[in-house]
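The next block holds one structure in the form of structure tokens; read it before the comments.
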Amino acid sequence: MRVLVINSGSSSLKYQVRDTTTDEVQANGLIERIGEGNGGPLDHGAAMDLVATELEGVLARRPLDAVGHRVVHGGERFSEPVLINNEITRAIERLNPLAPLHNPANVLGIRAITAKWPELPQVAVFDTAFHRTLPEHAWRYAIPDSLYRKYGIRRYGFHGTSHEFVTGRAAQLLGIPVSEFNAVVAHLGNGVSLTAVQSGASIDTSMGFTPLEGLVMGTRSGDLDPSILVFLQRQGMSADEIDKLLNRDSGLKALAGDNDMRAIVDAAQSGDQRAAMALAVTSYRLAKYIGGYHVAVGGAQAIVFTAGIGENSSAFRQLVADRLGALGISLDSDANKVRSKQARVISAPDSAIPVLVVPTDEEAAIAEATLKVIQAVPR
Ligand code: AMP
């Protein structure tokens with residue numbers, strides 16, 4: 001099958017055409033500056049026209065069979081990918097308040113495809129869906145229930161498509177049926193999240209009501225005392241200023257003055273104290289969470305690293321592993337330094353728990369999920 005994978009943002013649209021039989025990427029691209037004037041496409045419809053023009057050559061040989069959309073928030077309703085119709089589109093739209101930057105853009109992407117290729121089946125793949133198996137004791141905040149009922153304030157979790165894909169590949173690599181697999185999966189990219197996987201299902205994850213909770217990220221603070229927000233508001237900061245502070249100006253960027261892990265590791269190795277402290281704060285918090293999730297899953301059979309930092313930064317992986325000695329974990333320093341696009345084991349043979357690097361591929365996962373939904377539809 002030939003699937004167009006769409007990741008639609010408020011002012012950008014990323015796409016890939018994939019052959020699900022050969023797993024080949026047949027085209028990909030990025031349309032930027034949507035609706036920003038100065039020559040960019042007017043709206044998502046115009047952006048889709050550009051995609052269609054760019055794909056003319058590819059599609060002349062063989063048309064598309066389906067479209068798979070990355071949709072950020074599936075709320076409490078969506079626990080798996082679904083075939084899109086008008087009712088589903090409206091349901092995604094009703095979740096706009098929970099993901100004000102993302103869901104409206106996802107809906108614009110869906111409507112632009114519907115207008116352009118009305119006959120083409122479309123599937124929504126939700127970033128929250130894998131975490132719908134969180135038990136209530138993991139998703140509840142200790143605040144009045146009225147806030148949950150009125151506003152849906154609870155923990156949802158994100159990066160689900162990546163966590164699910166990586167869990168499947170890791171189980172495969174170890175020869176364990178995924179339904180019997182317990183693991184701690186660390187998605188370390190610009191956004192960072194950790195998932196506790198028990199019997200192949202997510203039972204806890206570090207991002208919560210929004211992707212701000214949890215670990216230290218490129219520009220996001222992760223966990224902090226919520227009173228800090230109230231304190232800052234009393235100092236005269238507005239809600240928008242606090243939002244920007246915690247989402248864009250915090251994390252590694254605030255600690256080290258840079259949010260690129262390569263630059264931070266280089267700086268720390270040349271004696272920069274701020275960079276060294278940024279690495280210490282980040283690896284310490286991550287190791288603390290890994291220890292907690294090892295307990296949560298009843299003993300992990302693997303610790304798995306993925307995404308930009310997890311796949312590429314041997315130095316950061318080593319810093320985290322050095323803090324996990326109490327779990328009997330140790331890396332094979334040569335295996336850890338190997339650079340590869342393949343899933344692999346990087347722990348020492350006598351490590352109590354295997355440590356893996358498994359490259360993530362959200363587009364491949366979305367294409368696979370789309371294929372599954374389309375095949376299940378009676379024709
Ligand atoms: P992602 O969001 O998964 O694309 O990850 C992006 C992050 O991965 C960047 O901010 C970098 O910090 C990090 N990264 C990418 N390549 C490398 C590398 N070779 N070494 C260390 N960090 C890397």
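Note on the stretch 265-379: enclosed helices (runs of 4 or more DSSP H) holding 3 or more residues that are closer than 30 Å to Gln26 by Cβ are 307-312, 362-376. One residue stands out in the stretch 306-322 among those that are aliphatic (A, V, I, L, M) and near the ligand (Cβ under 10 Å from one of its atoms): the one that is nearest to Ser270 (Cα to Cα), namely Ala315. Only one of the numbered conditions (1) within 16 Å of the ligand (Cβ to nearest atom); (2) in contact (Cβ under 8 Å) with a residue 60 or more places away in the chain; (3) out of contact with any helix residue (DSSP H, G or I) (no Cβ under 7 Å at 6 or more places or on another chain); (4) not basic (Lys, Arg) is violated by Pro211, and that is (2).
Could you pull out the residue among Gly29, Gly40, Gly75 that is more than 21 Å from Phe126 (Cα to Cα) and at pLDDT 95 or above? Spell out the reasoning first.
Values: Gly40 fails: at pLDDT 95 or above; Gly75 fails: more than 21 Å from Phe126 (Cα to Cα).
Going through Gly29, Gly40, Gly75 in turn, just one is more than 21 Å from Phe126 (Cα to Cα) and at pLDDT 95 or above: Gly29.
The residue that is surrounded by the fewest Cβ atoms within 10 Å (Cβ to Cβ), among those in the stretch 169-208 that are under 17 Å from the mean Cα position of the chain (by Cα), away from the ligand (no atom under 16 Å from the Cβ) and among the polar types (S, T, N, Q), is Ser202.
Restricting to the stretch 57-88, name every residue that is charged (D, E, K, R) and buried (at least 22 other Cβ atoms within 10 Å of the Cβ).
Just the residues of the stretch 57-88 that are charged (D, E, K, R), to begin with: 61-62, 65, 70, 76-77, 80, 87.
Scanning the stretch 57-88 gives a single hit, Arg70.
When Ile113, Ile176 are screened for being β-branched (Val, Ile, Thr), in contact (Cβ under 8 Å) with a residue 24 or more places away in the chain and over 27 Å from Gln301 (Cα atoms), only Ile113 passes.
Taking Val166 as the residue in question, decide whether it is of a type outside the set (Phe, Trp, Tyr) and touching a residue at least 60 places away in the same chain (Cβ under 8 Å). Talk me through it step by step, then tell me what you get.
Numbers: of a type outside the set (Phe, Trp, Tyr): yes; touching a residue at least 60 places away in the same chain (Cβ under 8 Å): yes.
It is true that Val166 is of a type outside the set (Phe, Trp, Tyr) and touching a residue at least 60 places away in the same chain (Cβ under 8 Å).
The values are calculated or read from the model by the stated rules, or taken from the named source; none is laboratory data. Keep in mind it's a predicted model, so treat the numbers as computed, not measured. Note that each Cβ is placed from the backbone with ideal geometry, even for glycine, and that neighbours are counted across all protein chains shown.
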